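As structure tokens, the structure follows; a few thoughts come after it.
The values are calculated or read from the model by the stated rules, or taken from the named source; none is laboratory data. Here the structure is a predicted model, which means the values were calculated and not measured. Note that each Cβ is placed from the backbone with ideal geometry, even for glycine, and that neighbours are counted across all protein chains shown. When the accessible area is computed, the model is the full protein with side chains, heavy atoms only, and any ligands, DNA or RNA have been set aside. Shrake-Rupley method; radii C 1.70, N 1.55, O 1.52, S 1.80 Å.
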Amino acid sequence: MSAFPDVPSIKFEGPESRNPLAFRHYNPEEVVAGKTMRDHLRFSVVYWHTFRGTGGDPFGAATLQRPWDDGSASVENAVKRVGVAFEFMEKLGAPYYAFHDRDVAPEGATLAESHKNLDAVVKELKAQQARTGIKLLWGTANLFSNPRYLHGAATSCNADAFAYAAAQVKKALEVTLELGGEGYTFWGGREGYQCLWNTDLKREQANLARFLHMAVEYAKQIGFKGQFYIEPKPKEPTKHQYDSDAAACLNFLREHGLMGKLKLNLETNHATLAGHSMQHEIEVAGAAGALGSIDANTGDLLLGWDTDQFPTDIYLTTQCMHSVLKYDGFTTGGVNFDAKVRRESIEPVDLFYAHIGGMDAFARGLKIAAAMLADGRVAGMVRDRYASWDSGVGAEIEAGKHSFESLSKYMLAKGEAAPNSSGRQELFENVINQYL
């Protein structure tokens, strides 16, 4: 029996369409910059917000209408939910999905029972993947909801919590491998501190690195070749998170010998909370060769928390896709809709409206970014700005032919630096707007 009987398969109808259950810009087969939109964007639906969200918040009870869900924590209900999820993704035309272990299967009274529950649901996930061709973009483990992780998981002061987390990730890796997952993400939901007076920061960070090394080694043992990601996020829920932004994550990976073993999964709302733009975070990761995947959402700039709204801002999606394409696009990663419908958007059909809007916004961003890169005007303006580095002393410096002594001699002979040219920020912004 269909969970969405009044919703047809979502088709591309073009920019003139007024059909709210159709794509106006996302045409999966359309070729842009040598690849189809489907292959560029690699859209993924998240299990946690889309199929487990209730609309409840700290100020009110659940509001969302989910007639297929009986509200129980039974395995039977979890298995039924899988069928609904795949019907939704199949009608939407999303090629991928992502999940936490505790999203898809209920936690048991013991670790063994939790494993058993997960195995039962994974059997159904595997069958639905085979039926639909929908793939797992990445898996992960929820190491933040259960009270055992109140001090963190890999950074906990309780060694048993660390051990439990290791066992949970071991199982999640095995499941991700069984489902053909193309990656695995670590989101350090509580890997940080609230108070430095009671925190051994050096020990916690060393244990976090030890945990990640264990995961990398176990992946080798079981033959999991998917990409590992670490996801930056500042604050919320802790006062300070060790993975607070892209630069902090990269520094941590370098310091602990993990660079090259993990890449970054970046989220727009997390970038905002860190005081950055998503464009900044993608550029930082891309410049380091560590751009892996992105969580596509946005926040409300008037609110100071992670609102996880669907992205509809074409300027934002253009920025994202320009930087992604500049760094050669996605391979194992993709555009993962870590976003949730608003508490007031209560009907099941609102799930479709939300994803259609986000997919169309990213399709437009992709086409605009590809046009900008093909045209080369902006890149040429940037090259002109750095022209002093392409010849003369600039080229010699970058070639390693100078020292402080030689540069001092050069400037003493010249007397003064060459005049600066204008940064032309306003012109750059005007040119960008010409593409939109």
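A few notes on this one:
- Identity of the residue in the range 161-191, assigned to a strand (DSSP E or B) and open to solvent by less than 10 Å² (accessible area, probe 1.4 Å), that ends up farthest from Y242 (Cα to Cα): G183
- Tally, over the range 215-232, of residues that are among the acidic types (D, E) and either crowded, with 21+ Cβ neighbours inside 10 Å or touching a strand residue (DSSP E or B) at 6+ places or on another chain (Cβ under 7 Å) (or both): 1
- Looking only at the range 354-384, residues that are over 19 Å from H322 (Cα atoms), surrounded by 14 or more Cβ atoms within 10 Å (Cβ to Cβ) and out of contact with any Leu (no Cβ under 8 Å at 6 or more places or on another chain) come to 2 in all.
- Restricting the range 211-232 to residues that are without any contact (Cβ under 8 Å) to a residue 40 or more places away in the chain and in a helix (DSSP H, G or I), the residue that is nearest to L253 (Cα to Cα): E217
- Within the range 106-140, if we keep just the residues that are among the β-branched types (V, I, T) and not in a helix (DSSP H, G or I), the residue that is surrounded by the most Cβ atoms within 10 Å (Cβ to Cβ) turns out to be T140.
- Sole exception among (1) surrounded by fewer than 20 Cβ atoms within 10 Å (Cβ to Cβ); (2) among the charged types (D, E, K, R); (3) closer than 19 Å to S345 by Cβ for D308, by number: (1)
- Residue among A361, A370 that is of a type in the set (A, V, I, L, M) and out of contact with any strand residue (DSSP E or B) (no Cβ under 8 Å at 6 or more places or on another chain): A361
- Residue check, D69 of a type in the set (D, E, K, R) and closer than 22 Å to D295 by Cβ: no
- Taking the numbered list (1) in contact with a helix residue (DSSP H, G or I) (Cβ under 8 Å, 6 or more places away or on another chain); (2) within 30 Å of S277 (Cα to Cα) in turn, L173 passes all entries but (2).
- Looking only at the range 47-67, and only at residues there that are within 15 Å of F352 (Cβ to Cβ) and out of contact with any Gly (no Cβ under 7 Å at 6 or more places or on another chain), the one that is most open to solvent (accessible area, probe 1.4 Å): Q65
- Flag for D300 being in contact with a helix residue (DSSP H, G or I) (Cβ under 8 Å, 6 or more places away or on another chain), under 30 Å from R66 (Cα atoms) and open to solvent by 30 Å² or more (accessible area, probe 1.4 Å): no
- In the set L266, L273, only one residue is modelled with pLDDT of 95 or more and open to solvent by less than 40 Å² (accessible area, probe 1.4 Å); that residue is L266.
- Those helices (runs of 4 or more DSSP H) lying entirely in the range 355-424 with at least 3 residues touching a Phe, Trp or Tyr at 6+ places or on another chain (Cβ under 8 Å): 392-398
- Residues in the range 30-46 that are touching a residue at least 24 places away in the same chain (Cβ under 8 Å), part of a strand (DSSP E or B) and surrounded by fewer than 20 Cβ atoms within 10 Å (Cβ to Cβ): 1 in all.
- Test for L212: is it open to solvent by 70 Å² or more (accessible area, probe 1.4 Å), out of contact with any strand residue (DSSP E or B) (no Cβ under 6 Å at 6 or more places or on another chain) and closer than 25 Å to P234 by Cβ: no
- T238 being modelled with pLDDT under 95 and more than 14 Å from the chain's Cα centre (by Cα): yes
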